[in-house]
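As structure tokens, the structure follows; a few thoughts come after it.
The values are calculated or read from the model by the stated rules, or taken from the named source; none is laboratory data. These numbers come from a predicted model, not from an experiment. Cβ placement follows ideal geometry from the backbone for every residue including glycine, while neighbour counts extend to all protein chains displayed. With ligands, DNA and RNA removed, areas are computed over all heavy atoms of the protein, side chains included. Shrake-Rupley method; radii C 1.70, N 1.55, O 1.52, S 1.80 Å.
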Amino acid sequence: MALRMIREFGEPVLEKKAKKVKEVTPRIRELVEDMFETMYHDCGVGLAAPQVGILKRIFVIDVDGENPYVFINPEILETAGEQTGDEGCLSLPGKTGTVTRPQSVKVRAWDLDMNEFVLEAEDLLARAVCHENDHLDGILYTSHVEGPVRDVEELMEEAEDTEA
Ligand code: ZN
């Protein structure tokens with residue numbers, strides 16, 4: 001396992017459409033292991049392959065540190081409801097913005113054994129699936145943001161000022 005370099009906002013690879021995976025090879029397994037390690041290292045809840053410079057339709061998610069999911073060739077089948085909340089991205093470190101996403105999604109994908117599964121996700125998991133799935137189409141959350149993209153540090157300072 002190894003950490004991979006996370007590509008940051010402005011790098012063209014983040015704006016390209018990723019290609020479908022035809023077969024889960026040992027290299028793909030290694031990529032997925034590395035993606036988990038990189039995501040946990042940077043305290044993220046999700047990471048898509050284009051964020052480490054690989055244009056393949058793969059992302060990993062773990063919203064509570066206990067339930068790692070791998071999605072290969074994911075497809076969002078259904079969405080329902082709405083949730084509005086703050087979102088961040090490992091490709092835009094220190095930034096946050098408000099994004100409205102579906103409250104729940106039904107997503108179909110392959111696991112590492114190329115078995116198809118369907119997952120019904122809600123709340124933060126649904127938000128993460130939508131965010132990561134967007135990465136596979138070269139879309140960043142900044143294109144959905146309502147209002148400005150803010151600095152997390154600034155927001156924390158403002159919160160401190162209010163408390164004082
Ligand atoms: Zn992201």
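Observations
Residues are listed down the side, and each one gets a yes or a no for (1) touching a residue at least 40 places away in the same chain (Cβ under 8 Å); (2) of a type in the set (D, E, K, R):
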position	(1), (2)
I76	yes, no
L92	yes, no
Q103	no, no
K106	no, yes
M114	yes, no
F117	no, no
E120	no, yes
L125	yes, no
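- Looking across the range 51-86 at every residue that is among the acidic types (D, E) and in contact with a Lys or Arg (Cβ under 7 Å, 6 or more places away or on another chain), the one that is farthest from the ligand (Cβ to nearest atom) is identified as E78.
- The criterion of being open to solvent by 80 Å² or more (accessible area, probe 1.4 Å) and touching a helix residue (DSSP H, G or I) at 6+ places or on another chain (Cβ under 6 Å) holds for M1.
- Only listed residue being touching a Gly at 6+ places or on another chain (Cβ under 9 Å) and assigned to a helix (DSSP H, G or I), chosen from L90, L14, L31: L14
- Only one entry of E160, E146 meets the criterion of being of a type in the set (D, E) and more than 22 Å from L14 (Cα to Cα), and that entry is E160.
- Condition met for D42 (open to solvent by less than 60 Å² (accessible area, probe 1.4 Å) and among the acidic types (D, E)): no
- The range 99-151, subset within 16 Å of the ligand (Cβ to nearest atom) and among the acidic types (D, E), residue surrounded by the most Cβ atoms within 10 Å (Cβ to Cβ): E132
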